[in-house]
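Written out below as structure tokens is the structure these notes cover.
The values are calculated or read from the model by the stated rules, or taken from the named source; none is laboratory data. Worth saying up front: this structure is predicted, and the values here are computed from it rather than measured. Cβ atoms come from the backbone with ideal geometry, glycine included; neighbour counts cover every protein chain shown. The protein model used for the area step is the full one, side chains on, heavy atoms only, and it has no ligands, DNA or RNA in it. Shrake-Rupley method; radii C 1.70, N 1.55, O 1.52, S 1.80 Å.
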Amino acid sequence: MAGIYSEAAEFESDIIAIRRKIHLNPELSYQEGETAALVASTLESIGVRARTGIGGNGVVGILNASSEGKCIALRADMDALPLEEMARVDFKSARRGVMHACGHDTHVAMLLGAAMLLKKHEDELRGPVKLIFQPAEEHGGRGGAGPMIGDGVMDDPKVAYVFGLHISSEYPSGSFALRSGPIMASPDSFRIRVKGRGGHGSAPHKSVDPVFIAANVVSSLQGISSRFIDPVEPFVLSVCSIHGGTKDNIIPDEVTLEGTIRTFSARTRSRAKSLTSSVAKSICRSFGAGCEVSFMEDAYPVTVNDARATARVRTLLKKMGSFGVTDAGLIMGGEDFSRFLQKAPGTFYFLGTRNEEKGCIYPNHSSMFTVDEDVLRMGAASLAEIALNFL
Ligand SMILES: [Zn+2]
Ligand SMILES: [Zn+2]
């Protein structure tokens, strides 16, 4: 066997063409209908049976289905983000205000590339391989993994190991980054309504000013990280939006704050949530305002990689070719893949795409985000390599 990375050269142009097609037609969370149809038709065209409508727009392809061996699942996410693309590429988003700025277009293309490679080697697979194309990863709450799991994607045959790949401009092109144990945070969104009493801007003593009180809430919330949470514990609290008021001389009735809390442990998570609530309420009470605090339900759990599976993947990637295989740091972002990892051990790893010469220097979620397409072949080969050699 020539090696899966060399073999992947045969499919490189297909992978890039699929990626560009999806990039041109990005779809937001829960609206991935065209992408899902493209995935299903591509799978069928290479002879892989595809099931659609799993947990919404999810698609599942299965290889070597009749095998009694252990089942491995590989996952890609399909959704784009609500921002206007500013990057100068020929296949720039044709949809205003929607862009594949997190590289999920590349994830779909790489997993389809892996499917092409695996189809050629189907008789060498030691068990069934499920190819999971999930919707709504960027949603942050209900997401797409949970509904797919609810529809049985991890059962029948039961998934023994699950793997996912994310493209990232944090790491240089031509390298992989892995980490055993917790890798990505749990992202809890909150909303705080500061309920004052409006009035004339010239007479604040006759009102309860929610703008002033909200400003105090924002600064006091930072005291949670500096005064309550163990300094060696990873923790972030950010207030990211403030809304209230209509004019320079009207004190409004109400101000709404929204923000996010990122944690890595269940204890810190529940403590941070209850402190956010108590600090906001007591500041509001001390200035005479009412206060409502709510948290988005179903926030993603912490993404926890299995130590043995991660070590095994690290060895496989090193053997696959002369790529950099480095250690990933903790990431305060959240990932819906965490839910698959609650059902089966596995690992979520990164493929670097930072390339100064090609101008691929902007972070994921930037309107200028671009990808070094030369790495897509590596990503596709890595997924196929795992499926062929993990067990
Ligand atoms: Zn993202
Ligand atoms: Zn992403």
Flagged in the range 11-42 as of a type in the set (Ser, Thr, Tyr) and either under 19 Å from residue 384 (Cα atoms) or surrounded by fewer than 22 Cβ atoms within 10 Å (Cβ to Cβ) (or both), in numbering order, are 13, 30, 41, 42
Requested in this report: Test residue 295 against the criterion of being within 16 Å of ligand 1 (Cβ to nearest atom) and either at pLDDT 95 or above or under 20 Å from residue 190 (Cβ atoms) (or both), and give yes or no.
Outcome: no
Going through the range 325-354 in order, the residues found to be of a type outside the set (Asp, Glu), open to solvent by less than 30 Å² (accessible area, probe 1.4 Å) and not in a strand (DSSP E or B) are 328, 333, 334, 337, 338, 340, 341, 344
Condition check for residue 79: under 12 Å from the mean Cα position of the chain (by Cα), in a loop (DSSP other than H, G, I, E, B) and either modelled with pLDDT under 95 or not hydrophobic (A, V, I, L, M, F, W, C) (or both): yes
Residue 42 - would you say it is out of contact with any Asp or Glu (no Cβ under 6 Å at 6 or more places or on another chain), in contact (Cβ under 8 Å) with a residue 24 or more places away in the chain, under 16 Å from residue 104 (Cβ atoms) and part of a helix (DSSP H, G or I)? yes
Filter the range 355-372 for residues that are more than 16 Å from ligand 1 (Cβ to nearest atom) and crowded, with 18+ Cβ neighbours inside 10 Å; the one that is nearest to residue 105 (Cα to Cα) is 372
Taking the range 179-210 and keeping only residues that are touching a helix residue (DSSP H, G or I) at 6+ places or on another chain (Cβ under 7 Å) and more than 30 Å from residue 235 (Cβ to Cβ), one is left with 199
Per the list (1) out of contact with any strand residue (DSSP E or B) (no Cβ under 6 Å at 6 or more places or on another chain); (2) surrounded by fewer than 23 Cβ atoms within 10 Å (Cβ to Cβ); (3) in contact (Cβ under 8 Å) with a residue 60 or more places away in the chain; (4) not basic (Lys, Arg), residue check on residue 8 breaks on (2)
Just wondering, is there one or more residues in the range 195-208 that are within 15 Å of ligand 2 (Cβ to nearest atom) and in contact (Cβ under 8 Å) with a residue 60 or more places away in the chain? no
Restricting the range 203-223 to residues that are over 15 Å from residue 254 (Cα atoms) and among the hydroxyl-bearing types (Ser, Thr, Tyr), the one surrounded by the most Cβ atoms within 10 Å (Cβ to Cβ) turns out to be 220
Subset of the range 187-202, residues in a strand (DSSP E or B) and open to solvent by 50 Å² or more (accessible area, probe 1.4 Å), comes to 191, 193, 195, 197, 200
Counting only residues in the range 70-119 that are within 15 Å of residue 376 (Cα to Cα) and open to solvent by 10 Å² or more (accessible area, probe 1.4 Å), the one farthest from ligand 2 (Cβ to nearest atom) is identified as 116
Does the range 158-165 contain any residue that is under 30 Å from residue 324 (Cα atoms), assigned by TED's automatic domain parsing to the domain that holds residue 332 and open to solvent by 10 Å² or more (accessible area, probe 1.4 Å)? yes
Inside the range 124-139, the number of residues satisfying the requirement of being open to solvent by less than 10 Å² (accessible area, probe 1.4 Å), more than 16 Å from ligand 2 (Cβ to nearest atom) and in a loop (DSSP other than H, G, I, E, B) is 2
Exception for residue 143 within (1) within 16 Å of ligand 1 (Cβ to nearest atom); (2) surrounded by fewer than 22 Cβ atoms within 10 Å (Cβ to Cβ); (3) in a loop (DSSP other than H, G, I, E, B) falls at (2)
